[in-house]
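Only one structure is covered here, and it is reproduced in the block below.
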Amino acid sequence: MSMPATAWWTPVALSADVPPRMVIPATLPVGPIAVWRSQSGQVTANHDRCPHRGMRLSHGFVRGEKLSCIYHGWSFGKEGGCTAIPAHPKVTPPASIHCGVMPTVEQDGLIWVASAQPDTAPPVFDQYQPLRMLNFCACIDRIKTVCDASSRDPATDTYVTATLAGFVTRLIVTPLNETETNVFILVSPDLSTDQKIAISRAAEVLRNLCERPSPEGQQT
Amino acid sequence: MSFPMQDEWYPVAMLSDLHRQGRDTLLLGQPIHAARDPNGIPIVTTQNGQHLVTIERFGHLWTSLGTPRKDLFSIPEADQPGRTLVDVGVVRVKCSPLRAVENFLDIAHFPFVHTDILGAEPHTEVENYQVEIREDSDEVWATKVKFFQPQAAKSAEGGITTDYMYRVPLPTCSVLYKTCPPRPAEWDVICLFVQPLTEELCDVWPWMALFDDETPLTDMIHFQQLIFLQDRSILENQLPRRLPLDPGMEVPTRADMTSVAYRRWLKRHNFTYGAQLVAK
Amino acid sequence: MKLYDYVLSPSCYKVRLLAALTDTTLTLRPVDFHPGKEHQSPELLTLNPAGSIPILEDGLLVLTESSAILTFIAAQNAPQWLGQDTPQMAAYVQQWLSFSHRLTTTLGSARLIEMLHGHGDLAALQHQGIAALRELEAALVQQHMKGATYLAADRMTIADIACFPYAALAPDGSVSLDPYPKIRLWMRAIRAQPGFIEMPGIHRLHELSNDPLETTNQ
Ligand SMILES: N[C@H](CCC(=O)N[C@@H](CS)C(=O)NCC(=O)O)C(=O)O
Ligand code: FES
Ligand SMILES: [Fe+2]
């Protein structure tokens, strides 16, 4: 994995989608990562590749404060150091065995990860509550076009404003690759369950619109 | 373009399932067709109609794109009378053929991948064993391998410490010999024959020669498929997809001596189809 | 009850899983589906002209659809798994049993192509499978908003058993599960059930057992 010129925060999951003792796969611009929450509640992000035989750590399991690989059970602590090798239970793993850990911030119900420590904190969305994450098979410009590009935040370019089921929502749009984009839908915290369900359904329709072949000339 | 692995033998079909219409497949990225001629003789042809060398052995049809240096290996134990020969059937795996073989040579994953069958916590320790590259036969061998197993075979009752020997006679084939519960003096023979379709895709043909008069054939097939399909979900999720041959990319321990010898042997022979040479 | 069974069949696994979760005893009759194609043998075709497994035999009763088999086992041994508390719940269960068939014909077929040399239009099957997974995810999002983890109720029903295996094995057919956080939570809740059994490609939650190295060190 090579480092990008500037490190920046990527939202990877809703806090609620990573309960204690769970690991999930996610994608940063630099490659796949494993994001896990320990029993005590702390979130850690590692490269999704076990230093032993390259197994994806996002397939592993969390016991207590450690992430273990599903292949041979090697365990890693929150600093990334290997703490146990089950094939050699009496041996203390050398400090050189390490799985890269990335800066992680949990804020406003979202988990943000960066490939290296950015100069600033992730953007604040404290007036909002994350509703859900959806994967769009559409590029970011297409989504902005469908949501009306003029409404996006010109300063940071981190979100798009969209009206879904009659409610103003903010969409944090994160490109995974040229064709796929993760969209985090943020809504006002005082909506009823029925209103949230309506927004969730409207978001599915929005995805559908974004994934239709775009009119000629609008494709990036 | 020629490369060392094209002069080796590869399985391309199960003989019991090879018919006139045959099957279109790939070998080391090259399209080939395996079929039977009107006399029932197996033939393998390339796209430009060239006939490739063939051998029928161990229930499978073997071929080579080039000129093999030697006859296909033999497994003398498999010829012992009284063994049941089991065609386990093909399984396609999205992984490097070399990673598929390396996984087969590994016992340390048993407690986590084949839980309560081939291994279980807390019995995770891998004791020292012997590994060598036999110069006369030019094969990788691991002997005196031992591991505690809750259910070592369909014929095993309860947990036993199982003895293993591993053998790599070809870059994409491995033979394992393990404790045979009904006949302690003999070894069960379990093989992994890997057909490299491309560098990151293979057809795997497991095959077995077992002493077991009790277990129905279908149960033996299912047991082996169960085990191999547990491995498949690992193999499709290793990064990088290709086997790194440069030290530094992955960290072996004493438990991985067989894999270290296998990688060294691959490198020595320039068997690099499915390998990654430069750390990325 | 005799189940004509195959270790790698997600449809047979549904039956074994429900039996395990409801303490139902099954007599397994292994079928050499691959490579032997025994499901197309005269003996099995006599039982099920459709040539598919699972088949459940109980005396003179022969059932050949996994959803019907789940219904039969639940009705006999664990009626709460039928999810009939309210008309709405009963209807939801039926809706998901029907939906599960779509997972079988899309993701299941893609899996057979990618794994066991099956035939078909892989790209189209994957595309339809993704559409089905998105519907499953959307439904689970709604359930979460209402405070429920499972498809038809706040407890597991045969609806969950019917949909779980093919969804969980989507990667076998080269369909990623990464984009579906609520499906992931739902699968985890199912795998955490007491008495849960695994199948290849769906491993157990090792986090539920203790770390033996941790206990010896302490
Ligand atoms: N009858 C349906 C279908 C089950 C199904 O697709 N079974 C597969 C095995 S997993 C099968 O028998 N396929 C027959 C074939 O592909 O020829 C059910 O019980 O849910
Ligand atoms: S690959 Fe992770 S422990 Fe071996
Ligand atoms: Fe294995």
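Which three semi-axes in whole Å describe the equivalent ellipsoid of region A:1-91, each the square root of 5 times a Cα gyration tensor eigenvalue, listed largest first?
Output for region A:1-91: semi-axes of 22, 17, 11 Å.
Here the Kirkwood formula, the inverse mean of 1/r across different C-alpha pairs, assigns chain B a hydrodynamic radius of 19.3 Å.
Kirkwood hydrodynamic radius, region C:61-102, all distinct C-alpha pairs: what's the number in Å?
Working: mean 1/r = 0.0928 Å⁻¹.
One decimal place: 10.8 Å for the Kirkwood radius.
Which shape class applies to region B:125-168: rounded if a/c is under 1.5, otherwise prolate when a/b exceeds b/c and oblate if not, where a ≥ b ≥ c are the square roots of the Cα gyration tensor eigenvalues?
Working: a/c = 5.03, a/b = 2.17, b/c = 2.32.
Oblate is the answer for region B:125-168, as a/c is 1.5 or above yet b/c matches or exceeds a/b.
Taking all Cα-Cα distances within region C:145-218, those exceeding 21 Å account for 36%.
In the protein assembly as shown, what percent of the accessible surface is made up of carbon and sulfur (1.4 Å probe, ligands and nucleic acids excluded)? Please report the intermediate quantities before stating the final value.
Numbers: 14900 of 28840 Å².
Ligands and nucleic acids excluded, carbon and sulfur reach 52 percent.
Computed on chain A, with alpha-carbon pairs under 8 angstrom and 6+ residues apart, the relative contact order is 16 percent.
Label chain C by shape, choosing from rounded, prolate and oblate, from the square roots a ≥ b ≥ c of the eigenvalues of the Cα gyration tensor; if a/c is under 1.5 it is rounded, and otherwise prolate applies when a/b is larger than b/c, oblate when it is not. Intermediate values should be presented prior to the final figure.
Details: a/c = 1.27, a/b = 1.22, b/c = 1.04.
Rounded.
Strictly greater than 22 Å: what percent of every Cα pair in region C:95-183 meets that? Please report the intermediate quantities before stating the final value.
Values: 951 of 3916 pairs.
Cα-Cα pairs in region C:95-183 separated by more than 22 Å: 24 percent.
For region B:191-196, the Karplus equation 6.51 cos²θ - 1.76 cosθ + 1.60, evaluated at θ = phi - 60°, returns couplings of 10, 10, 9, 10, 9, x Hz by residue, with Gly and Pro reported as x.
Entry note, chain C: relative contact order of 21 percent, from Cα contacts under 8 Å with a spacing of 6+ residues.
Which net charge results when you count Lys and Arg as +1 and Asp and Glu as -1 among the other residues whose beta-carbon is under 12 Å from that of residue A:68? If you can, show how the numbers build up before the last one.
Numbers: positive: A:21, A:63, A:66; negative: A:65, B:121, C:207, C:211, C:214.
So the environment of residue A:68 carries a net charge of -2.
Across C:144, C:119, C:39, mean-square fluctuation computed from a Gaussian network of chain C (C-alpha pairs under 10 Å connected) peaks at C:119.
Which three semi-axes in whole Å describe the equivalent ellipsoid of the protein assembly as shown, each the square root of 5 times a Cα gyration tensor eigenvalue, listed largest first?
Whole-Å semi-axes of the equivalent ellipsoid: 43, 31, 27.
The convex hull drawn around the Cα atoms of region A:51-132, when projected onto a plane and averaged over every direction, covers 7.2 nm².
Would you please classify the overall shape of region B:215-280 from the alpha carbon gyration tensor, given that a ≥ b ≥ c denote the square roots of the eigenvalues, rounded means a/c under 1.5, and beyond that prolate means a/b larger than b/c while oblate covers the rest? Let's see the in-between values first.
Numbers: a/c = 2.43, a/b = 2.13, b/c = 1.14.
Here region B:215-280 falls in the prolate category.
Could you quote the convex hull projected area for chain A, Cα atoms only and averaged over all directions, in nm²?
Details: hull surface 55.3 nm².
With the hull built on Cα positions only, its mean projection is 13.8 nm².
The share of C-alpha pairs in region B:4-64 whose separation exceeds 20 Å stands at 15 percent.
Specify the inter-centroid distance of region B:21-89 and region A:76-139, based on alpha-carbon positions, in whole Å. The two parts, judged by their Cα centres, are 49 Å apart. With a simple spin-label model that places each label point 7 Å from the Cα along the Cα-to-Cβ direction, the separation between residue B:3 and residue C:24 comes to 5.2 nm. How much net charge surrounds residue B:126 when only the other residues with a Cβ under 11 Å from the Cβ of residue B:126 are counted, with Lys and Arg +1 and Asp and Glu -1? So the environment of residue B:126 carries a net charge of -2.
Please give the FRET efficiency for residue B:84 paired with residue A:127, using the beta carbon to beta carbon distance and R0 = 56 Å, rounded to the nearest 0.05. The formula returns an efficiency of 0.20 here. Expressed as a whole number of Å, what is the distance separating the alpha-carbon centroids of region C:33-59 and region B:174-222? If you average the Cα positions of each part, the centres end up 26 Å apart. With R₀ fixed at 51 Å, the C-beta to C-beta distance from residue A:119 to residue B:183 puts the FRET efficiency at about 0.15. Along region A:195-212 the Karplus relation, 6.51 cos²θ - 1.76 cosθ + 1.60 evaluated at θ = phi - 60°, assigns HN-Hα couplings of 5, 5, 4, 4, 5, 4, 5, 5, 5, 5, 5, 4, 4, 4, 4, 5, 8, 5 Hz to successive residues, with x for each Gly and Pro. The base-10 log of I(q)/I(0) for region B:109-220, evaluated at q = 0.15, 0.16, 0.22 Å⁻¹, reads -0.77, -0.87, -1.34 [Debye formula, identical scatterers on Cα atoms, solvent excluded].
For chain C, the tally of Lys pairs with Cα-Cα distances below 21 Å comes to 5, considering only residues 8 or more apart or on different chains.
In whole percent, what relative contact order does region B:4-64 give with Cα contacts below 8 Å and a gap of six or more residues? Can you show the working numbers first?
Working: 110 pairs, mean separation 21.8, N = 61.
For region B:4-64, the relative contact order is 36 percent.
Taking both sides together, the accessible area buried where B meets A is about 2200 Å² for a 1.4 Å probe.
Averaged over its residues, how many other protein chain Cβ atoms are within 10 Å of peptide B:238-251's Cβ atoms?
Details: counts 7, 11, 2, 1, 1, 2, 2, 0, 0, 0, 0, 3, 6, 12.
Averaged over the peptide's residues, the number is 3.
The values are calculated or read from the model by the stated rules, or taken from the named source; none is laboratory data. Keep in mind the model is a prediction, meaning the values are calculated, not measured. FYI the Cβ positions are ideal-geometry reconstructions off the backbone, even for glycines, and counts take in every protein chain you see. For the accessible areas, the whole protein counts, side chains as well, though only heavy atoms, and no ligand, DNA or RNA atoms are used. Shrake-Rupley method; radii C 1.70, N 1.55, O 1.52, S 1.80 Å.
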